[in-house]
Each structure stands twice: as C-alpha cells, then as structure tokens.
Amino acid sequence: MAPTRFADIAWPSARRYWIVNARVPACLLNDASAFTARDVEDQALADILIENGAFARIEPSSDTRDGLVIDIGGRQLWPTLIDIHTHLDKGHTVERGPNPDGTFLNARIATANDRPNWTMPDLRRRMRFGLRCAEAHGVSAIRTHIDTYPETIERSWPVVRELREEWAGRIALQAVSLCPVDLLTGDYGDRVARTVAQAQGLLGGVTRPAEGDHAATPANIAEQLDRLFTLAARHDIDVDLHVDETHDPLAASLPHIAQAALRHGYKGRVTCGHCCSLAQQSESDIDRTLDLVAEAELSIVTLPTVNLYLQDRTQGRTPRWRGVTVVHEMLKRGIRVAAAGDNCRDSFYAYGDHDVFDTFRQAVRILHLDHPLTIAPALVGANPSRIGKLEGHGSLAVGQPARFVVFNARSLNELVSRPHADRIVFRDGERLVTQVPDYDELIEQDEPAEAVRVA
Ligand SMILES: [Zn+2]
C-alpha cells in the first residue's frame, strides 16, 4: 500500500479511536518500559488509544487494533510542550519600545520606559495574544515571569490571576515575580511575597543590582538571598531566578544560590535561568559550581535564542560566542535542564512567536544537542514537566488528557529540519482548529476607563 500523504489523513472526531504507527521519542513517554524495540534515535513505534478525551492505552505498535483506526504512517507524535521560562507581560512591545542597538543595557532601559504603558487592558491584550500563539503551536503549559515593581504590581498580578482562570484547561499558566533581588530587602519584599502567594505563583528575582546590569556578584549576595528564601519559606512557595545573564565571569551568583537553597531547606525547589557566565569561567570553577548545583538539586533553564541574540553584542562587531550555559556538562551530571523561549518581540529579543518547538529546533543547533538527537526533545517536554510539576504536559501518559501534536516528519532529523507550520494539535482528544492570531489584533481598540487611571 502506498504511504498515506499527510494532507490526506482524515483526523478523527470521535469519543474512541486509535492512532497507530506513531513514532514517539522514548524520552517523551512517561513509561517507556514496554517499548523494547527502538530505533537508533531511541524512538518507539506506538499505537495510542484515545477514549473520552484521555490517553487510554499507549502500547508498542501491532496490527490488531479494533474500531476507528487512524494510521499516521510512522510520523512523529509528541505530547503538547511546555515553555517553562517566558515573559508574556513584555511580549509584543517591540514597536512601542524599540531597542536602539539590541544590547542588554538598552533592553532594560527601553522596558522601564515602556512599563507605564502596561495598563490592565494592554497587558490582557498582549498576554492573550501570546497565549493564543502558543496554543496554536502546541504549547499547553507556560511559566511566565512577571515584572513586579511597585508601579506595576497592582496591575500585572490581577491580570495573571484572571488569565490563569480564563485559560484553565487550555494552557496551564504559572507565574513568577521578577525584580532585582535587592528590591526585596525592605517592606516591598513582604508585599511581593504576599501577592505571589495569593496568586499561587513562584518567588523570583534577578541577581543583578536594581541600578545596573549583570556584573561581578555583589558582596552581600548571601544576605540578599537569605531574605528571598526567608520570604519564600514563610509562604511555602518555590523559587525561580534570573541568574548571571552576562559574559562577565565575575558574575557568579549561581553557587551562592545553591548554598542558600541548602541553608533554607529548598533542595529541589529552585529553578535558575540563563547562567551564561558559568560558560566563561575556568573548568575547575565550573566543576565546583556544578557540584553545588547538583547537591542543591537546582533545575536549570537555558534560553538559547535570547542568549544568542543578547550576549556578546556590540554594534559593528561580530559576536564571538553563543551566550549559552554549559548544558552538556549539566546533563552529564544528572542536573535537570530545560530549554525555553524567554522573551518574544520585545526589547530583549526582537523576534519569536511563543513557539517552543521552534525554540527546540534552534536549541539543537545552538547547543549542539545532536549526534545523536536522542535526549534533545526532553528539554522542552519531560524535563520542564518535572521542573514545573506539570503532569500531563510534555510527556505522554496513560490516564492523562489526550494533548498531543502530530508532525509531518518520520525521523527526528526530518522534524528538526523544517518549521512544521502544518503540525496538527489535539486537546482532550479533539483536533484544535485554532490558528495564530493576526498581528492586527495587537492594535489598541477603544478601551475601558480603567486604561486611563494609571499614574
Ligand atoms: Zn527571562
């Protein structure tokens, strides 16, 4: 029989059906033990029964399936994915707050200048736009950092709570407070921790001073971190930090974070994003830090597209390094690492579409996650699923809602080689017909009075 053309597959809309001949990376199966026959890319050929919107059976392929059977001809079937580090509140401000030279310093300044425009309607519009893009691309869980400054906290966090409710069942939304950690020292720290706890969020921050870029670690970093962990522990909330996002090897807050996590009983409860400068330190310093990271069970998130864009940027000079942290060395030690999208069409990163599959494709190239590609899919699937305790996202498991994506590719090589804009996304066993929103939808419409109440 001639192989089925992707465009000719009749996607089901039924309470019960089998998808057969699905090629699944073993690292994206919650339980791969039954799949003893795997190909050179550690992929399994699976038959999947979907019943009442959930995965009822996930088994090695056989030719004895009953009822409605959809043969996808050995094409890739993935769980819906997780973008574990984003900034939905900054997204799509690139025209309004342009970065004149693309550097980190000017990104910071442009964002601060634009923040007064972040009214509640403006935040809702841009964040919804981002969520709709992500959903259309097959993302079902997002952790977003939220700029949390005295002038924005009252606007951003109510919008986060509202959107989390509005999107429940479509995209699981986690939120992390973001401001320089030295801002948390006074009463404001109590206010931030309270706000975050009420919204069931994570306490975050960036380990650079309020008035400056990432540079040499401040002398009182341990004190600042003690304050942050004390606040987190008081409300029993997890921690997610922006760490050492610079080429400067003197920026070395990561080992201090590991030590603080151990001091405060936060083993396994802390995520650190970026950690770029670690890659610029000596091998012995890297080793020492990774020992601590492993001991404190810190999770690491690498943001390859944004690191590539922002790091080593000087106008008129060709960049000499890729900006990413030491991912292979971390994985080798068993440290949990995820890759995520970070900024999208704002002053920190001018491009993007909230498509973590695109982040994955770029991560493979930027970080050399290939030859073999075996474990690369876990960085946007199973690993962030564990980091965010996001069961049912990023990994296929019996009993979980049937959220998955089918790509017109058989091998991982075919998968990584094309953007796959024609991928088919399923939610609760039903094909999503949603498309990415038109950019027109970002245009400000007539807004309610609350828009003008902002000082
Ligand atoms: Zn970030």
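Exactly one residue among Thr80, Thr93, Thr86 is within 27 Å of the chain's Cα centre (by Cα), crowded, with 18+ Cβ neighbours inside 10 Å, within 16 Å of the ligand (Cβ to nearest atom) and closer than 22 Å to Ser385 by Cβ, and that residue is Thr86.
Residue-wise test of (1) surrounded by fewer than 17 Cβ atoms within 10 Å (Cβ to Cβ); (2) closer than 19 Å to Ile84 by Cα; (3) in contact with a helix residue (DSSP H, G or I) (Cβ under 6 Å, 6 or more places away or on another chain).
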residue: Leu231; (1), (2), (3): no, no, yes
residue: Thr246; (1), (2), (3): no, no, yes
residue: Leu250; (1), (2), (3): yes, no, no
residue: Gln280; (1), (2), (3): no, no, no
residue: Glu283; (1), (2), (3): yes, no, no
residue: Ala294; (1), (2), (3): yes, no, no
residue: Glu297; (1), (2), (3): no, yes, no
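Pairs linking a residue in region 131-145 that is under 19 Å from Pro419 (Cα atoms) to a residue that is more than 16 Å from the ligand (Cβ to nearest atom) and of a type in the set (Phe, Trp, Tyr), with Cβ atoms under 7 Å and 6 or more positions apart or on different chains, are His137/Phe357; Gly138/Phe357.
The single condition among (1) within 27 Å of the chain's Cα centre (by Cα); (2) in contact (Cβ under 8 Å) with a residue 24 or more places away in the chain that Leu49 does not meet is (1).
The condition of being surrounded by 18 or more Cβ atoms within 10 Å (Cβ to Cβ) and within 21 Å of Ser385 (Cα to Cα) holds for only one of Ile19, Ile58, that being Ile58. Arg365 meets each of the listed conditions (1) within 13 Å of the ligand (Cβ to nearest atom); (2) assigned to a helix (DSSP H, G or I) apart from (1). Of all the criteria given as (1) of a type in the set (Lys, Arg); (2) surrounded by 19 or more Cβ atoms within 10 Å (Cβ to Cβ); (3) more than 15 Å from the ligand (Cβ to nearest atom), the one not satisfied by Arg208 is (3).
Select from region 99-114 the residues that are crowded, with 19+ Cβ neighbours inside 10 Å, more than 23 Å from the chain's Cα centre (by Cα) and in a helix (DSSP H, G or I) and list them in ascending order. Ala110 - this is the single residue of region 99-114 that is crowded, with 19+ Cβ neighbours inside 10 Å, more than 23 Å from the chain's Cα centre (by Cα) and in a helix (DSSP H, G or I). The residues of region 359-387 that are more than 24 Å from Gln174 (Cβ to Cβ) and among the hydroxyl-bearing types (Ser, Thr, Tyr) amount to a single one, Thr374.
Which residue is farthest from the ligand (Cβ to nearest atom), if the candidates are limited to region 336-362 and must be within 20 Å of Asp312 (Cβ to Cβ) and of a type in the set (A, V, I, L, M, F, W, C)? Restricting to residues being within 20 Å of Asp312 (Cβ to Cβ) and of a type in the set (A, V, I, L, M, F, W, C), the top hit is Ala350.
Inside region 235-252, residues that are closer than 24 Å to Arg386 by Cβ, touching a residue at least 40 places away in the same chain (Cβ under 8 Å) and within 16 Å of the ligand (Cβ to nearest atom) make up a count of 4. Sub-7 Å Cβ pairs linking a first residue in region 76-91 that is within 27 Å of Asn408 (Cβ to Cβ) to a second residue that is assigned to a strand (DSSP E or B) and of a type in the set (Phe, Trp, Tyr), at least 6 apart or interchain, are Leu77/Phe404; Trp78/Phe404; Pro79/Phe404; Thr80/Phe404, ordered by first then second residue.
One line per residue, one yes/no per condition, for (1) assigned by TED's automatic domain parsing to the domain that holds Leu412; (2) assigned to a helix (DSSP H, G or I); (3) within 29 Å of Pro437 (Cβ to Cβ):
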{"position": "Arg23", "(1), (2), (3)": "yes, no, no"}
{"position": "Glu41", "(1), (2), (3)": "yes, no, no"}
{"position": "Ile50", "(1), (2), (3)": "yes, no, yes"}
{"position": "Ser62", "(1), (2), (3)": "yes, no, no"}
{"position": "Arg65", "(1), (2), (3)": "yes, no, no"}
{"position": "Gly91", "(1), (2), (3)": "no, no, yes"}
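Taken as a whole, the condition of being closer than 18 Å to Gly204 by Cβ and among the basic types (Lys, Arg) does not apply to Arg345.
The values are calculated or read from the model by the stated rules, or taken from the named source; none is laboratory data. Since the model is a prediction, treat every value here as computed from it, not as a measurement. Cβ: placed from backbone, ideal geometry, glycine included. Neighbour counts: every protein chain shown.
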